[in-house]
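Presented below is the structure to which this report refers.
All of the numbers you see were taken from the coordinates with simple rules; none came from a lab. Everything quoted here is computed from the prediction, not taken from an experiment. No Cβ is skipped: glycine too gets one built from the backbone with ideal geometry, and neighbour counts run over all protein chains shown.
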Amino acid sequence: MTQSAARSGLLFSGSDWDFPLLSRAYDAIEAIAIEDLHLDVYPVQMEIISSEQMLDAYSSVGMPLMYRHWSFGKHFLHQELLYRKGGRGLAYELVINSNPCIVYLMEENTMALQALVTAHAALGHNHFFKNNHLFRQWTDASSILSYLDFAKRYIAQCEERHGLAEVEAILDAAHALMDQGVFRYHRPPKLTSEQRREEIRERLEYEEQSYNDLWRTLPASKDGKDDEPDDSATERKETLNLPEENLLYFLEKNSLVLEPWQREILRIVRVIAQYFYPQRQTQVMNEGCATFVHYTLMNTLFDRGMIGEGAMLEILKNHSNVVFQPGFDDPRFSGINPYALGLDMMQDIQRIVTQPTAEDRDWFPDIAGSGDWREVLLDAWANHRDESFIRQYLSPALIRKWRFFVLADTADEPFYEVASIHNERGYEKVRSALADSYDIGATRPNIQVVDVDLLGDRQLRLQHKIKDGIVLEETGCDATLRHVRKLWGYDVSLAGVNMETGLAVYERTASQIGD
Amino acid sequence: MPIFIDRRLNPKDKSLGNRQRFIRRARNELKRSIREQVRSGKIADVDAEHTVSMPANGTSEPSFSDARDSGRRRHVLPGNKHFAPGDRLPRPAPGMPGSGPGLKEMEDDFRFVLSREEVLDLFFEDLELPDLVKVNLKEILAFKPRRAGFTATGSPTSINVGRTMRNSHGRRIALKRPKLEELEAIAREIAAHEKGAPSVAARERIAALKVELDRLERRRRLIAYVDPVDIRYNRFDAQPVPNANAVMFCLMDVSGSMGEREKDMAKRFFVLLHLFLKRRYDATEIVFIRHTHQAQEVDEETFFYSTQSGGTVVSTALEEMRRIIGERYPSSEWNIYAAQASDGDNFATDSERCIALLDGEIMRLCQYFAYVEIIDERESHIFGSTENGTSLWHAYEAVSAQWPNFQMSRIATPADIYPVFRQLFTRQPDQQGG
């Protein structure tokens, strides 16, 4: 079979796969990807797994190694149930942002599917992981596996030493705060004491130079005494580096009751949350990139006569299943399919670059008609996340194609209102609303540690900045506050502050909630 | 060329630990769910896999999340057909498509399958067989051979070839037994010399070689290839096997006064007991004895489903039981359990005889005797836990006072069965209380 395939120039024929075939297919696909699309990828490690193992991998957030926790067991049972009932098929592949890039292939896949998956994961995702700035900045692909190995071992050790229940309690609490356990921004490097002195000297110098006697004549503030405690509050906030958005980090460093091993567990959960943070910000781009790559590569292979028609049909069928997007009123609708949106946007960029219309020239003067779509896409893949990508590249043509519309939803009104549709007035608004909905910073509740008086009552004060009047879901909030109190050791309060008006909306304290 | 790793043969149940942790976490919920099912469901289903519904509370993973019913949002949706800006849509019921993105709240209240073992574990948790001590005291009658190293004597069938050849090899090396190749080399050299030109030196060499050959051959004969001292046999020890057989006697009154309802409840009780015993013992047998004014041993089908008319003489069943124990289940070899279900009717003067039978013989043979009386639901408030009762109940109370391994209880509704069963078998250090 292999010989006859080789004679006809096909990479493979028939549906069975074996390792030499996989290897040949990978080499051929990789060659095209590098020459034709100029992809830049980590070396690839392909692992063949069975469907049970795929289910296992699902339940431990897709990682090959993970510490043990009941919530993974719960997810496993849930996935298994969906799978058994036929409610959900298994993914054909799983890919891990590591170096070498690990790609799991299911043994049940046919050879055509394996080729598709190779192009999709081993090249598409792989390129994205290696080149997108978020991944480059926030994740360390070469060390994640050894870190997970350490984490798994460390937690198992803790379970042995301190008991399952103790470890579980810490993990539960840490998992509850996982969303609040990531750094969103790099902070400026800490000044050394020398630099700090230098700064103070410069400031004094400046004050001397700009001395103006007029300031002295200003009346003193009315309640001069209030300055004093305020100052101390500012100072203690500064020493604790407050406000702090990364609750897990703050608790790990400053909690008053945690043992060293408990802090280490918080750190593990935090590191893992941080590792996944870029993936959550780049769903559309990541899947779009992989889908675009597999679609382009498979078509190239077919054009060159390396894939037979039967195999191509199978590939196309799977491809169209993946990028299926029902309308909002379809019973199958469950949100916007990131594969579909990503692929469409990237193909749309390809179109704009090569065959722009007058409208495109209007909207995208810098890329329309520039001719080199590869360059534009590579640049987009490297430098954007979902939110900025959509804000930058969603074209009116695509908005019309998808017939996007914006629905304004105000909780206390009995109806939704259609705010914008795909017309001249709506394009900008639709685009910006869609981009906003992919902005993780804006869609997750914004909660920060704002103050704690370590010498006083030691109450940890959290602040929730309420945007657009969206408050927290109460039961979850209370349960999470209890977890925070457990980690902090003393009382915890959460104040909701309206971002627009600056007024306090509510305040809850853990001690009031009770257990 | 990528690296390929075939992981298909790796252990599969990587998340087994997670599953166990989850089940432990959800234990109380699961227990409640299973008991509910056993109470209301069919008996035959108990001993099988169970689908349990897992309510979200207790296993929820809380986090700070936005409340769905607050604030102002904008949803971007695809597939506009005829909307124009300013159109108003009625707010659909929650969970309907179109109520915005993020229909992810599917995880609550999901159902999953527990294996039979997991079900029984949860079901019988903290139930214990009464008086297990007796099992240990029982005579040990069965033996099972178990490997126990090697020995120098034994029967030819249990020669351990590997060991033997290893010894032989060591001995041959130690005693420098000439190898066949050495002999052949000398023989070849002799032949070569004999073919070559005859000379004095050659003749001397041939003679020397022949002497050497002769010496080596003699040595080979002396040092055997396999010597009796090399031989090793597998050694087996007879391992005593503790007696782990149990027989369960189901005694039931099938006279006219026992209706379908009573029989069904009795059956549930028996099934529970059977399951329980099956978990504790390797082999569990069941003997069904039904009685009216006379008793007979029957098969399960007849026991539960055929009716017979007649009076009620309980002692006949006890006698039948005693006969069967005598014939087939010597108490030295069997753990004997008995469960009797009845509506409490008995022939007026028979109760005395029952006491005599139980006191005199049966209670000594039995590990445990459980009596459940099935009463009418309307009577349950009268009999609840008072001293009132049928003649049989009074009679058995006397037995119960005397024998710690005699337990009795009343059942009015199917929902009572499990609590009663638990009460009868609850792990308690002191069975004296009755």
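Computed quantities for the displayed model
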read-out	value
Cα-based Kirkwood hydrodynamic radius, segment B:194-265, one decimal, Å	21.8
Relative frequency of Cα-Cα separations exceeding 24 Å in segment B:242-425, percent	31
Coil-residue GluC sites (Glu not before Pro) of segment A:350-450, DSSP, other Cβ within 10 Å capped at 14	A:E424
Cα gyration tensor category, rounded, prolate or oblate, for chain A with a/c compared to 1.5	prolate
Cβ-based exposure ranking for A:L105, B:L114, in which fewest neighbours within 10 Å come first	B:L114, A:L105
DSSP-defined beta bridges in the protein assembly as shown - what % are antiparallel, rounded to 5	50
Segment A:263-386 - Rg (one decimal) and Dmax (whole number), Cα, Å	18.2, 59
Shape box of segment A:340-441 [Cα atoms, principal axes, largest first, Å]	50, 30, 21
Coil-residue trypsin sites (Lys or Arg not before Pro) of segment A:328-393, DSSP, other Cβ within 10 Å capped at 15	A:R332
Segment B:290-335: relative contact order in percent, alpha carbon pairs under 8 Å with at least 6 residues between	42
Centroid-to-centroid separation of segment A:97-146 and segment B:306-331 [C-alpha atoms, Å]	73
Global geometry of segment A:445-513, whether rounded, prolate or oblate, following the gyration tensor of its Cα atoms and the 1.5 cut on a/c	oblate
Order of A:W402, A:W215 - criterion: other Cβ atoms within 10 Å of each residue's Cβ, fewest first	A:W215, A:W402
Shielding score for A:45-52, defined as the mean number of other chain Cβ atoms within 10 Å	5
Coordinate range along principal axes, alpha carbons of segment B:156-235, Å, largest first	62, 18, 16
Whole-number percent relative contact order across segment A:421-515, with pairs defined as alpha carbons under 8 Å at least 6 apart	21
Taking chain A and dividing mean pair separation by its residue count, relative contact order in percent (alpha carbons under 8 Å, at least six apart)	15
Euclidean distance between Cα centres, segment B:188-231 to segment A:41-95, Å	72
Exposure proxy order (Cβ contacts within 10 Å, fewest to most) of A:D386, A:D439, B:D343, A:D366	A:D366, A:D439, B:D343, A:D386
Chymotrypsin sites (Phe, Trp or Tyr not before Pro) within segment A:298-383, DSSP loop, no more than 13 other Cβ atoms inside 10 Å	A:F324
Shape of the protein assembly as shown, Cα gyration tensor, a/c cut at 1.5	oblate
